[in-house]
Each structure stands twice: as C-alpha cells, then as structure tokens.
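What follows is a short report on a single structure.
The values are calculated or read from the model by the stated rules, or taken from the named source; none is laboratory data. What you are looking at is a predicted structure, and each value in this text was computed from that prediction instead of being measured. Backbone-built Cβ (ideal geometry, glycine too); neighbour counts: all protein chains shown. These accessible areas exclude ligands, DNA and RNA; they are computed on the full protein's heavy atoms, side chains included. Shrake-Rupley method; radii C 1.70, N 1.55, O 1.52, S 1.80 Å.
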Amino acid sequence: MTTPMAQESRQRYTFADYLTWNGPVRFELAAGEAVLLASPAAGHQLVLAEILHQLMDFLEGKPCKAVPAPFDVRLFEREGDEPEDIDTVVQPDISVVCDRTKLDDRGCKGAPDMVIEILSPSSHRHDRITKYDLYQRAGVKEYWIVEPEARTVQVFLRGDKGILLPHESYGDKDAARVHVLDGCIIEMCKVFPEA
C-alpha cells in the first residue's frame, strides 16, 4: 500500500503523487499538503444519500450532474496542466457540475457549480475554513454546509466580488432552495427525518 505516510517526508505533494496512493485510506490535497479523510459515520452517509437522491431526481434528463464522494475535484487545474502541476484535489461530499466538459475519467477539472459538505466531528474546521477558502478562490457559485447534529444547512452564494457570502440557513422543517438549479428544492424533513 502506498500513501503519503509511506513515502519519504516532503513539503509538497502533487496530483501525480496522489494518483499512486492506494488502500482503504482517503486523502485530499490542499496546496500540496496531504489531508487525511476520516471514514464517515452512518448518519453522515444517510444525510448524503437523501440529498443526493433528491438532487438526482430533479436532474434527471437535465445537463447538470450530481456526483457523490469519493470524486476527485481538481479545483485549480488549467488547460495543459500535467498531474505534477496540480497541488489541490478535494473530495466534496456532493458536487453539482453543469459544464459537462469539466468531467473526465479522473473526476472534475475546475470548480463545480455547487458543492455540499456534510460536517463530521473531524471535519468542522477543514470544511468551514480550508475548504471554504479553496471553494471561494476556485469560483464555486454555491456552497452548502450541512450539520447533521444541529439538523441545519447553511448556504453560501458567490457575491459580485467573488466572495462566498452567507445567504440563508435552513432547519429540518424547511424546503431548501438550490440557487444554481432553477426550481430545485431539497425537502429537509426527508434529509433529517424524525427519530
């Protein structure tokens, strides 16, 4: 098994290194730094499955696609970049991609239109700070942070100056509007059903 832990210690990894890592452990790359991803809990996966189900129902027959993790998103890849040139690869819980030319055999080249991250105890800081910054710089139009324990969703939309700004929050009884998909509503009562 090859992982960043098994390779010699170095300051910066690239997508070329990432492609050689295998095994049950998953990583992301943030500006060349390998970030270990913990295995998600059952509650996390059930929330992911319900949101994905509703998105896929809405998108049936439409050009946009919703893709769950593990799915490699190379946020800053440019035309002509080689794997050695790419130092940021993330695995959003759900990516919505409307420009089908961004999809290839290795995942997504560039920013998805929408990203959804479902918080786990180990991912709060990473999702709220590191990934928020990466998604903002890459040009993601809509970012959802889903908090299963609080049964809430916080929605950030890209503003005129390219900043992801807090737009609205939804609770477990609300119908959450997806702004990048005209007419798409996520029923939060199905995402967070009564126990």
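Going by accessible area, probe 1.4 Å, with all protein chains left in place, what is the ranking of ASP160, ASP182, ASP104, ASP57, largest first?
ASP160, ASP182, ASP57, ASP104
Probe of 1.4 angstrom, ligands and nucleic acids ignored: what's the accessible area per residue over the chain, in square angstrom?
Accessible surface, normalised per residue, equals 52 Å².
Let's test the formula: R0 of 45 Å, r as the Cβ-Cβ distance of ARG12 and ASP160. What FRET efficiency results, to the nearest 0.05?
The calculated FRET efficiency here is 0.85.
With a 10 Å radius around each residue's Cβ, average the other Cβ atoms per peptide and rank 88-99, 35-46, highest first.
Result, highest mean first: 88-99, 35-46.
Along the principal axes of its C-alpha atoms, what lengths does segment 39-195 span, in descending order and rounded to whole Å?
Extents along the principal axes, in whole Å: 49, 36, 33.
Quick one: net charge of GLN136's neighbours, Cβ under 11 Å, K/R +1, D/E -1?
Local charge sum for GLN136: +4.
Pairing rule first: another cysteine's C-beta must sit under 4.7 Å. Under that rule, which cysteines of the chain stay single?
CYS108, CYS184, CYS189
What length, rounded to one decimal in nm, is gained on full extension from LYS173 through to ALA31, with 0.36 nm per residue of separation minus their alpha-carbon distance?
47.3 nm
Report, by chain and number, residues whose modeled amide H sits under 5 Å from the one on GLU33, excluding near sequence neighbours (fewer than 5 apart, same chain).
Counting only residues 5 or more places away or on other chains, the set is TYR13.
Taking the chain as the reference, fit the longest principal axis to its C-alpha atoms, fit the long axis of helix 42-59 to the helix C-alpha atoms, and give the angle between the two in degrees, 0 to 90, nearest 10.
Value to nearest ten degrees: 70.
Where does the charge balance sit around ARG100 when Lys and Arg score +1, Asp and Glu -1, over other residues with C-beta under 13 Å from its C-beta?
Computed value for this residue: +1.
Would you grab the residues whose amide H sits under 5 Å from the one on GLU168? Only those 5+ places off in sequence or on another chain, please, with H modelled 1.01 Å from N.
It is VAL155, by chain and number.
Could you pull out every residue, at least 5 positions away or on a different chain, whose amide H is within less than 5 Å of the one on ILE86? Hs are placed 1.01 Å off N in the peptide plane, and Pro or chain starts have none.
Placed amide hydrogens put PHE15, ALA16 under 5 Å from ILE86.
Quick check: net charge around ASP85, other residues with Cβ under 9 Å of its Cβ, Lys/Arg +1 and Asp/Glu -1?
Here the charged neighbours net out to -4.
Just the number, please: carbon plus sulfur as a percent of the accessible area of the chain, 1.4 Å probe, no ligands or DNA/RNA counted.
Carbon and sulfur: 51 percent of the exposed surface of the chain.
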